[in-house]
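One structure below.
All of the numbers you see were taken from the coordinates with simple rules; none came from a lab. Here the structure is a predicted model, which is why all the values come from computation and not from measurement. Please note: Cβ atoms are built from the backbone with ideal geometry, for glycine as well, and neighbour counts cover all protein chains shown.
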Amino acid sequence: MVDTGVEALHPDLKDNLNLDLSWNYLNQTKDPTPTGAHGTSCAGIIAARGWNNEGVRGVAPFTQLVGLNPFSTGYDNDFQDALARPYVDISSNSWGPSSWSLEPFGDLEYIEQGIETGRGGKGIVYVFAAGNDGFNANASSNVHSSRYTITVAAVDAVGGKTTYSNYGSNILISAPGGEIPNIMTTYLPGSDEYPSIKNYADNTDGNYTDDFDGTSSAAPMVSGVAALMLQANRNLTYRDVKYIIATTARKTDLTHSGWTNSIGVTSVHEFNPYYGFGVINADAAVKKAKGFTTLSEEIEIKTEKSEYIALTDVGTEAFSMDINDSIAIEHVDLQLMLAHTNIGDIEIELESPRGTISKLAFCRDISGYFYCTGDWKYYSYSGYKFGSVRHLDENSVGTWKLRIKDLRSNSWGTLSHWSLQIFGH
Amino acid sequence: MKQLGQFILYIVILTAFSCQLSPLLFSQTNKRAVGKEHVLKLKNRSPQIFVKSEDSEDAGLDSRINLNRSASETVIPQVYYRNGIQSESTRYITTGHITVSFGKDKKIAYKQFAAENKLKFIREINHLYHTALFKVLVETGLIQQVNLLNQLPTVRYAKPDWISPRKLR
């Protein structure tokens, strides 16, 4: 739990909380008890102890929790330390940047360390909440668009679209995030961030809440399922875990228009930017994890092009790149050197040889309203790496098409370089 | 000829893009930070403008942050606003530390490096990229020192160890 901390004496958490491995960055002790409730609530969703006659049961009720509370200081190096702790199997992160700054924190290379050296080289499983801004999760941070992480969107109580969840081609999976009713989980007594349960006679100590929501609650559900998968098969790599979660997802909100992409094109796996490959399916994921043959070694195909192209004001520029190497795709990264006077005016999409489309940058909502206003004109996509999971299991061979659409007048831009990295097996 | 035209247009756009970072052109919808402007020059990245705040509310924030560390590590934090926009999401606070990365397969004597650059070695924070945390010992200003370190050929990158704007989700 990389968060605000976990209450060490909570009756539903204390038996699963490993104090030897936990760390409190504020007082430099092994007691991760926080001053805020958020981490305690996330921890309960993952691993509130089961069958102990206490209030709730987590997704993985016999999983050891490690409480790390870098939010107590906010220091970059404390977050980075928390992300790279070598003995952690799964890193659950219900946080992100507080603005759409497109500014890499430098956190990604600590995650890379955890991927390369964690779990004896199998890689720590990194789970991140997509965020609650109703916005493009791909432009959130390079951590959320990375192939090393699982970015989780939220669905409401009946598996539908929430009013808040971020979305995009980097969403691997979705999970319940409240709305309405919200999530019942553990709580830090005395905290006033969101309500404790008021009307239950057996919650007089205020140890529980029924009002936790957001992608903050969706991400720990996926972390809990990942824990169950590793309990079923310790040999899974981080890539295996991602692959199994994606390929066992349950399609939800069946009539939602986001499930379609190009007319006449059939996806290998159905995908919806609001839900990823669907809602997490714990039962199917654990069954598939047992005896899963690990994916073969990761292959990277990288190709790039330098060209100075002026982008048409209110128009679309199309580019293409041919790939001759054949792999089954797991993840695609697109990096542009793109100077533009207002990136709030542009949309970027990548079309695979199969014809499926990743929308990587967009600034309009479903009704066409432009919401990238104000500060947006001070930021740049140049050098930023967009990620997409939506081409999973497609073959890489063929022509990849990049389209940059300028949708509003009086802004100008130039593309000078673009690179495509395709990862798979 | 077409290529020349495109090149000229590219220069014009780059210039316009640079100019838009000027605090003089900030959107009127955002509160403008009052203070001295600093340019952070990270390696292989566009320069970033930070305005060091003189706001009295930020001074109060400083004292609260000071409580977060033991007395031996206490520093006087400084509040900077990226692009000069004063908001929670653009606020970066110094911790008195700098992160320096040397890169894969480039082992370095951290203490010697620290001594040569008026720093105190605290600890290695990434063994893959040989990245370490250093305490700043000079009074010249943290961003200025980061800029100097980024000019060293042995340094992959140096950056302030901020309290960056993050939020729970």
Expected sort for A:109, B:116 with the fewest Cβ neighbours (10 Å cutoff) up front is B:116, A:109
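Hey, could you get me the Stokes-Einstein D for the range A:38-289, Kirkwood radius over alpha-carbon pairs, 25 °C and 0.890 mPa s, rounded to whole µm² s⁻¹?
This corresponds to a translational diffusion coefficient of 134 µm²/s.
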Hey, if you drop one equal point scatterer on each alpha-carbon of the range A:117-175 and run the Debye formula without solvent, what base-10 log of I(q)/I(0) do you get at q = 0.22, 0.24, 0.27, 0.30 Å⁻¹?
-0.79, -0.88, -1.04, -1.19
Show which aspartates and glutamates lie in cross-link reach of residue B:120 when reach means a straight Cα distance below 20 angstrom and same-chain residues fewer than eight apart are skipped.
A:76, A:78, A:81, B:73, B:139, B:161
In units of 2.2 N^0.38 Å, what is the alpha-carbon radius of gyration of the range A:119-236?
1.19
In terms of Cα to Cα distance under 27 Å, which lysines are near enough to residue B:118, apart from those fewer than 8 places away along the same chain?
B:36, B:41, B:43, B:52, B:104, B:106, B:107, B:135, B:159
Can you give the convex hull volume of the alpha carbon atoms of the range A:299-424 per residue, in Å³?
96
Listed by chain and number, the aspartates and glutamates with an alpha carbon less than 19 angstrom from that of residue A:290, same-chain partners under 8 positions apart left out, are A:89, A:240
Within 10 Å, at most 13 other Cβ atoms, and a DSSP state outside H, G, I, E, B define an exposed site. Report the longest part of chain A free of exposed chymotrypsin sites (Phe, Trp or Tyr not before Pro).
A:201-368
Summing -39500 (n - 2.57) over every DSSP H run of at least 4 in the protein assembly as shown, dividing by its residue total and rounding to the nearest 500, the 222 nm mean residue ellipticity is -5500 deg cm²/dmol
Neighbour cut-off at most 14 other Cβ (10 Å), DSSP loop, trypsin sites (Lys or Arg not before Pro), the range A:126-231
A:198
Neighbour net charge for residue A:162 - beta-carbon separation under 12 angstrom, K R +1, D E -1
-4
Using only the alpha-carbon atoms, how far is helix A:38-47 inclined from the longest principal axis of chain A? Give it as 0 to 90 degrees, nearest 10.
80
What does the convex hull of the alpha-carbon atoms of the range A:1-128 project to on average, in nm²?
7.8
Across the alpha-carbon set of the protein assembly as shown, Rg over Rh with Rh taken as the Kirkwood radius works out to 0.95
